[in-house]
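Here's the structure, in structure tokens; my notes come after.
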Amino acid sequence: MPDPTPQLDTVGRARPEPAGVLLVAHGGRAHSTAPARRRGLAYRRMSPFARAVERAGRGYRTALGTGIATHLLRYRVRGWNGPAMDALQDVRWAVRELTDRHPGRPVVLVGHSMGGRAVLRAAGAPGVVAVCALAPWLDGTDPVAQLAGRAVLIAHGDRERMTDPAASYAYALRAREVTGRVARFDVHGDGHAMLRRAADWTALVRRFVLGELGAEPPDPVVSNAMTEPAPAGLRVALGPAHR
């Protein structure tokens, strides 16, 4: 039987008094009530992103605390499951849990595929300052109003076979109607698993998260993309300079 609640797995050092918070959400399936597992490939694929941010942010200090409390969410079940939107419900639960644990800290959400869809929809929660969706599964019906006031980063490979890069571009266009800080990157030569250019994907996410939490200066490539009009700022070729 699936766990009755989602699970928040701490990545790296536990941070009872952090300067900021990162929640990472893995991918899944359109329909499945099978339990999500830590040994699953979708869950394991997101671990390098979480570890990279946690390590890079260890020296970050503010009046609120030190470091970035980093957590990888494990869903109750593997599927989105139509109107049940199970992954979204789990992400919303996780954000509430983390903001209760760490009141007043800024929160950044990162998700892949189904997790990308979930974090984009959950970005309107209090405390969330930024959201990053990697190869998000979108179908044209996803809302954007919740992104107001948030920084948004989307990245999609050009060898994608599982989700639609055109859909994420159309979503980014709509997102710019409600927030002035949207950037989208094309990752040439890579597909849904984000393995061929893993270091570049990871570095992009790390620099975006650290910049939005204030742990380091905002990444200039991301910042420039946010100021470029469409299509330029929404079809930026991701280069190796982000490493």
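The values are calculated or read from the model by the stated rules, or taken from the named source; none is laboratory data. What you see is a predicted model; the values in this text were computed from it and never measured. Positions of Cβ are generated from backbone atoms using ideal geometry, with glycine treated the same way; all protein chains shown enter the neighbour counts.
Structural remarks
- Among all positions in the stretch 26-40, there is no residue which is touching a Lys or Arg at 6+ places or on another chain (Cβ under 8 Å), small (Gly, Ala, Ser) and under 18 Å from Gly12 (Cβ atoms).
- The residues of the stretch 164-218 that are surrounded by fewer than 18 Cβ atoms within 10 Å (Cβ to Cβ), of a type in the set (Gly, Ala, Ser) and not in a loop (DSSP other than H, G, I, E, B), listed by number, are Ala166, Ala167, Ala170, Ala198, Ala199.
- Among all residues of the stretch 118-133, there is none that is outside any strand (DSSP E or B) and either modelled with pLDDT under 95 or farther than 23 Å from Arg181 by Cβ (or both).
- Hits in the stretch 53-84 (condition: in contact with a helix residue (DSSP H, G or I) (Cβ under 8 Å, 6 or more places away or on another chain), aliphatic (A, V, I, L, M) and under 20 Å from His26 (Cβ atoms)): Val53, Ile68, Ala69, Leu72, Leu73, Val77
- Hits in the stretch 137-150 - residues which are within 13 Å of Leu109 (Cα to Cα) and either touching a His at 6+ places or on another chain (Cβ under 9 Å) or buried (at least 24 other Cβ atoms within 10 Å of the Cβ) (or both): Leu147
- The stretch 1-29 residues that are under 15 Å from Arg44 (Cα atoms), paired with ones that are surrounded by 24 or more Cβ atoms within 10 Å (Cβ to Cβ) and at pLDDT below 95 (beta carbon under 9 Å, 6 or more apart): Gln7/Ala36; His26/Ala36; Gly28/Ala36
- Residue among Ala56, Ala42 that alone is small (Gly, Ala, Ser) and more than 21 Å from Ala215 (Cα to Cα): Ala42
- Residues located in the stretch 180-227, provided they are within 22 Å of Arg44 (Cα to Cα) and among the aromatic types (Phe, Trp, Tyr): Trp201, Phe208
- Figure legend. Inter-residue proximity from the stretch 64-75: first residues of a type in the set (S, T, N, Q), second residues assigned to a strand (DSSP E or B), beta-carbon distance below 8 Å, spacing 6+ or different chains. Indicated pairs: Thr70/Thr10; Thr70/Val21; Thr70/Leu22; Thr70/Val24.
- Residues of the stretch 126-151 satisfying the condition of being farther than 15 Å from Gly27 by Cβ, touching a residue at least 24 places away in the same chain (Cβ under 8 Å) and under 14 Å from the mean Cα position of the chain (by Cα): Val128, Val129, Ala130, Leu147, Arg150, Ala151
- Evaluation of Asn224 against (1) assigned to a helix (DSSP H, G or I); (2) buried (at least 20 other Cβ atoms within 10 Å of the Cβ) (one fails), failing number: (2)
- For the stretch 35-84, residues that are under 20 Å from Glu97 (Cβ atoms), surrounded by fewer than 16 Cβ atoms within 10 Å (Cβ to Cβ) and basic (Lys, Arg) total 1.
- Residue within the stretch 98-106 that is closer than 26 Å to His156 by Cβ and at pLDDT 95 or above present: yes
- Residues in the stretch 56-111 that are among the basic types (Lys, Arg) and closer than 28 Å to Thr33 by Cα: Arg74, Arg76, Arg78, Arg92, Arg96.
- Extreme residue, surrounded by the fewest Cβ atoms within 10 Å (Cβ to Cβ), among residues of the stretch 14-34 that are more than 25 Å from Pro83 (Cβ to Cβ) and of a type outside the set (Val, Ile, Thr): Pro16
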